[in-house]
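The structure under discussion appears below in the form of structure tokens.
Coordinate-derived values only; no laboratory data. Nothing here was measured: the structure is a model prediction, and the numbers come from that model. As a convention, Cβ positions derive from the backbone with ideal geometry for all residues, glycine included, and neighbour counts pool all protein chains shown.
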Amino acid sequence: MKKYLIVVVSMFFLSVNAQNNLKDVTWVLKKIEDNRENTSLLINNNYSILRFSDSTYTGYGCNAFSGKYKITNNKINFIGGMLSTDQGCTDPEDYKAEDIMMQNFTQLEYVQTGDSLILKKGTRVTFTYVKRKTK
């Protein structure tokens, strides 16, 4: 019983710590790799962002989007779908990037290394973010 309790408590603190490392940081999208479509998009703007707060996330591409999330182990569960404004994208690359995000932000594995945040949907799609530098 004690071993089980230690494992549960340890998993809780790892999950809280992971959430705290992602929170209140502006993550800027730099690359999307979609192996299903054999596509690699380099994002050359600073407005495609993702931010986490206590239980919600917000972001911006050519549209604003938001929703709720929960971290369990090394997975981020984007709960209940993504709400998005429908302003439209003028750049075809931005539209394609947003379309890939809308289709794949459900449950993603994540790895944070230094100033990078990698979100993966298995081996199919990888999103690479970097921490926005403060001035």
The local net charge around T126, scoring Lys/Arg +1 and Asp/Glu -1 for residues other than T126 whose Cβ lies under 13 Å from its Cβ, equals +2
Distance between modelled label sites at N21 and Q107, nm, 7 Å Cα→Cβ extension: 2.1 nm
Over all directions, region 33-135 yields a Cα convex hull whose mean projected area in nm² is 7.1 nm²
